[in-house]
């Protein structure tokens, strides 16, 4: 018990909510102290890792932090075969360094923007018979909805969106759609992401052209 309490005091990850931070983002080959910030970036901290997004919304995922994580100078340090991951224990700074090229990615001046307790969030009823709702949406947006072919519809998974600054939890599904254009030719299969709450369709995103759901959250399709 004393060991568990000691680890909780040392290590800031073991919390019951996901925390979302707005940061300044920088990258380069210099030491992280000399980097100039290029743009805004975001970091999502879960109970055992962090996921940082750069200015292109590419995600950089740390390995899981455990009680064996190294601690030094108010920093927590973890690594995998390719990179070293460092975070300030006050969560104001996150740094990733590649081992071979010494390329440095830095998220600094981070401030907490949002905290979500997903364990206790109400996701609503798991969607059933949701495909007709999605098909109805595409009937309104496709050039030739009668030609549409739907495939690889995923199982619903818990997910969330941000609406007018508020968190909305629910379920998402992914599917491929192939339909004819105004010239009568099939455009090819395209991946779409749909979000539902209590079996009501709230949003559909083109998952190929834009993978970003919110500024902390990329589309994830679970098949």
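What the table shows:
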quantity: Relative contact order (%) - criterion: Cα under 8 Å, at least six apart; region: region 86-208; calculated: 19 percent
quantity: Label-to-label distance, nm, for residues given as residue 164 and residue 117 (7 Å Cα→Cβ offset); calculated: 2.5 nm
quantity: Cα gyration tensor, region 95-222 - rounded (a/c under 1.5), prolate or oblate; calculated: oblate
quantity: Gain in span if fully extended, residue 56 to residue 146, counting 0.36 nm per residue against the direct Cα distance; calculated: 28.8 nm
quantity: Order of 136, 76 - criterion: other Cβ atoms within 10 Å of each residue's Cβ, fewest first; calculated: 136, 76
quantity: Using a Förster distance of 22 Å, the FRET efficiency for residue 128-residue 202 (Cβ separation, nearest 0.05); calculated: 0.85
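Laboratory data are not the source of any read-out in this text; all were calculated from the coordinates shown. If you're wondering where the values come from, they're calculated on a predicted model, not measured in any experiment. Glycine also receives a Cβ, built like all others from the backbone with ideal geometry; neighbour counts cover every protein chain displayed.
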